[in-house]
1. In nm, what is the difference between 0.36 nm times the number of residues separating S224 and D457 and their Cα-Cα distance?
2. Probe of 1.4 angstrom, ligands and nucleic acids ignored: what's the accessible area per residue over the chain, in square angstrom?
3. Whole-Hz Karplus ³J(HN,Hα) for segment 240-248, in order, using 6.51 cos²θ - 1.76 cosθ + 1.60 and θ = phi - 60°, x for Gly and Pro?
4. Tell me, what ³J(HN,Hα) does each residue in segment 202-211 have, in order and in whole Hz, if you take phi through Karplus 6.51 cos²θ - 1.76 cosθ + 1.60 with θ = phi - 60° and put x for Gly and Pro?
5. Kindly provide log₁₀ I(q)/I(0) values, in the same order as q = 0.09, 0.12 Å⁻¹, from the Debye equation applied to equal alpha-carbon scatterers of the chain.
6. Starting from the alpha-carbon convex hull of segment 390-455, give the projected area averaged over all orientations, in nm².
7. If I histogram all Cα-Cα distances within segment 129-340 using bins 5 Å wide from 0, what percent of pairs lands in each bin?
8. Just to verify a number: FRET efficiency for A489 and R418, C-beta to C-beta distance, R0 = 25 Å, to 0.05?
Amino acid sequence: MIALSLAQIADIVGGRLVDISAEDAATTRVTGTVEFDSRAVTPGGLFLALPGARSDGHDHAAAAVAAGAVAVLAARPVGVPAIVVTPTPATTDRGGLVFEHDAYGAGAAVLEALAKLAAAVAAELVDGGLKVIGITGSSGKTSTKDLVAAVLAPLGEVVAPPGSFNNELGHPWTVLRATESTDFLVLEMSARRRGNIAELAAIAVPSIAVVLNVGTAHLGEFGSREAIAETKAELPQAVPPEGAVILNADDTAVAAMAEQTRARVVRVSREPGSHADVWAEAVTLDALARPRFRLHAGGRQVDVALAVHGDHQVSNALCAAAVALECGATLEQVATALASAGPVSKHRMAVVTRDDGVTIVNDAYNANPDSMRAGLKALAWMAREGGGRRSWAVLGEMAELGDDAISEHDNIGRLAVRLDVSRLIVVGTGRAMSAMHHGAVMEGSWGSEVTMVPDADAALALLRAELRPGDVVLVKASNAAGLGPLADALVTEAAGPTDGANG
């Protein structure tokens, strides 16, 4: 964050200074990072006191100051120097960030103050030349964010969120990581209600926006794919006329957003002859499902070999290439950067081959019908191209699908059978997972080809007993299913030097 005095911050967020004099507040500056975890506080930082389901950040304020924070942004006095914002009775559902012990809106008040601070900092940095890139889509946001950060790195200093910091807390927190030396700020934007993306975009107005796709993630909250498309369109609508909007023209709902922005539109496509500005042809996959293709832009072309896994990464890479080209990169720079840009965020299509020859595809952080299909196709490809290796799909629940949860899980069970996945392990006992199991059986799975287990521990025990050298295992579910530790255990239990498949 740019250095600001406590007095300046209090003025920006509309807070009052508590347990510090006006004179000291005018000279005491925040020179470190803004943190919501007291254990992450560094000297000169600012601590956010956020109430949560398990603990209240206000109770950790003194520890944060002892660790080096110069003050706390809080909803009540905390006995140490603080900027206190006044809670108001308000909903505690802030785009999925629920404060269960927040009857008076304390969490909402602190989040709103954080957004004001981030907006003020972003505006100053943009005036100084910072370029803001916003990315949204129903799936692939985090993978594309990582690719964008990689292709921009040769051009200057990049700040991007770790993992999926894409909501009312993670978004402004990421904005405040930027400093005067930052050239590019890459932001991932998620939504669980209409207006969500517009609010995030207002914090740091993007000069470049990327819309990947409109799928069925969060369908239970939006009610229809049309409502999801309208919400995703809030990002291109936020870009000023002098900016650029990069649209995946292969998705008709995304392509239609060209009519909803004042900015210049850049279309990407993996269909030759589609009249896109950036496009791919001659797409192939190697034995570990890493794409190869010829990238076209501006009348020139270059061969690209991706380090990430899955055919679906081609569209993500095209969008990342378009961003880099908008920022001044050459096609050759883009190809070089993409060739070394492996997975950065944890539990997202990370591929590891153990010493015993078992390959683990760890994609356990998130899942929706589109990404689940992509993961299964990558698994099937690796097994087939590897000479007929046995394939295992260890699948947990896809969350937030609403009334479509049963049918979508049923469809995934059927797809696993159609792709000739050797073994399907359905993890969980709810109605959705029963539907996945039922779908596989009705599609023709028999005997032990599909197994339903109650939890991740049971799945791990089964895998330990039955995996054999050369098998390929996909672990995928929404994060709430808790399959991340299972995937980590599979990787480490017999892990050794990798074969170059890792990101």
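The values are calculated or read from the model by the stated rules, or taken from the named source; none is laboratory data. On a predicted model such as this, the values are computed, not experimentally measured, just so you know. Cβ coordinates were reconstructed from backbone atoms using ideal geometry, including for glycine residues, and neighbour counts include every protein chain displayed. Just the protein is used for accessible areas: all its heavy atoms, side chains included, with ligands, DNA and RNA removed. Shrake-Rupley method; radii C 1.70, N 1.55, O 1.52, S 1.80 Å.
1. On the way: separation 233, 0.36 × 233 = 83.88 nm, distance 3.52 nm.
Length gained, S224 through D457: 80.4 nm.
2. Averaged over the residues of the chain, the accessible area is 38 Å².
3. After applying 6.51 cos²θ - 1.76 cosθ + 1.60, I find x, x, 7, x, 9, 10, 9, 10, 6 Hz.
4. With coefficients 6.51, -1.76 and 1.60, one gets 5, 5, 9, 5, x, 8, 10, 10, 10, 10 Hz.
5. -0.66, -1.13
6. Values: hull surface 15.7 nm².
Hull-based average projected area comes out at 3.9 nm².
7. 1, 8, 17, 21, 22, 16, 10, 4, 1
8. Working: r = 29 Å, r/R0 = 1.17.
The computed FRET efficiency comes out at 0.30.
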